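Here the structure is laid out as structure tokens; the discussion comes afterwards.
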Amino acid sequence: MAQIFDTLSAKDEMCMEDFTKAVFAFSKLTEINSRRSARYTAAADRVKNIHLKIIFMNYAFQAQQLNADLKRWISAYGVQTAYVHEGYFTAMWSKVRDMFTFGAEDAVFSSCEQLEDEALKNYKTAMILSFLPEAALKDVEKQFKEIQKIKDNLRNMKQSHVYELQAA
């Protein structure tokens with residue numbers, strides 16, 4: 001009987017560890033998306049080209065949508081979403097910093113591309129580690145592909161200097 005109890009306790013401990021890892025992963029992804037949203041909002045404020053403003057605002061909105069999806073997963077785990085708001089201050093600081101560091105439009109693109117690289121690394125890590133539930137993993141993979149499209153669009157726009165509306 002004690003052996004069964006020990007086995008059940010070990011399984012519960014393993015589930016709790018996976019639970020903690022999953023919540024941490026969702027929190028890190030929401031933090032990076034908050035930073036992405038702030039970066040694109042700052043970029044939209046800095047550029048003069050109306051098409052770029054629209055593109056950057058669309059990307060900021062997209063990052064907010066990804067966050068909303070991730071926060072649903074955190075809520076499904078029974079964790080209060082206030083836990084995730086620590087990324088809000090990081091995002092606001094990022095926005096303030098970006099307002100002063102953006103120079104030419106090339107610098108705006110480079111800064112955004114750099115953050116997208118960081119986001120993609122965070123998403124890859126979350127996907128490689130197999131502690132997310134299957135349905136959540138599918139959502140994370142979908143988000144990864146959306147961010148990859150944005151990164152590719154940024155690189156293409158920067159290289160071609162064509163600032164046409166490119167939907168992600």
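Just so you know, all these numbers are worked out from the coordinates, no wet-lab data involved. Since the model is a prediction, treat every value here as computed from it, not as a measurement. Neighbour counts run over all protein chains shown; Cβ positions are idealised from the backbone, glycine included.
Hey, rough spin-label estimate for Ser75 and Lys21, points 7 angstrom out along Cα→Cβ, what's it come to in nanometres?
Each label point is offset 7 Å from its Cα along the Cβ direction, giving 2.7 nm.
Please list 51-58, 34-41 highest first by mean number of surrounding beta-carbon atoms within 10 Å per residue.
Packing proxy ranking, top to bottom: 34-41, 51-58.
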